[in-house]
1. Which one is nearest to the chain's Cα centre (by Cα) among residues in segment 19-68 that are assigned to a helix (DSSP H, G or I) and small (Gly, Ala, Ser)?
2. Which members of segment 48-98 meet the condition of being of a type in the set (A, V, I, L, M, F, W, C), at pLDDT below 90 and in contact with an Asp or Glu (Cβ under 8 Å, 6 or more places away or on another chain)?
3. When you scan segment 4-26, how many residues do you find that are exposed (fewer than 15 other Cβ atoms within 10 Å of the Cβ) and either in contact with a helix residue (DSSP H, G or I) (Cβ under 7 Å, 6 or more places away or on another chain) or under 20 Å from Asp67 (Cβ atoms) (or both)?
Amino acid sequence: MAGFGIWCRVALMAPGGVPLRTWVVSGIGAPDLGLVEYLARLQLAATRAGGMLVVDDFCDTLTEILDLTGLRRQVCGQLEEREEPLRVQKRMQARDPPA
């Protein structure tokens with residue numbers, strides 16, 4: 001039977017960068033895709049609310065899963081240097097009202 005382990009640490013940040021809550025994500029055995037889904041959903045909810053989720057101190061297994069799925073950048077909130085965050089740049093007005 002696998003032992004208890006710490007998988008990562010998570011901090012929920014307010015829009016101004018103020019930490020609202022921090023916690024440790026842990027469990028029995030190795031992390032799996034369920035944890036990746038959990039972290040991705042938290043990141044999405046935090047972003048929609050104007051905040052940010054900071055995930056760090058990954059265990060090796062979680063790092064490998066995130067790299068294999070290509071979700072490390074999305075879950076961790078890290079952007080490549082050449083990439084800018086997605087933002088609404090301009091509001092468009094419809095010419096015709098919807099039918």
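The values are calculated or read from the model by the stated rules, or taken from the named source; none is laboratory data. This is a predicted model, so every value here is computed, not measured. So basically every Cβ, Gly included, is an ideal-geometry build from the backbone, and we count neighbours across all protein chains shown.
1. Just the residues of segment 19-68 that are assigned to a helix (DSSP H, G or I), to begin with: 33-48, 60-68.
Checking which are small (Gly, Ala, Ser) leaves us with 34, 40, 45-46.
Working: Gly34: 13, Ala40: 5, Ala45: 9, Ala46: 8 Å.
Step by step, filter segment 19-68, then rank; the result is Ala40.
2. Within segment 48-98, Cys76 is the sole residue that qualifies.
3. Number of matching residues: 2.
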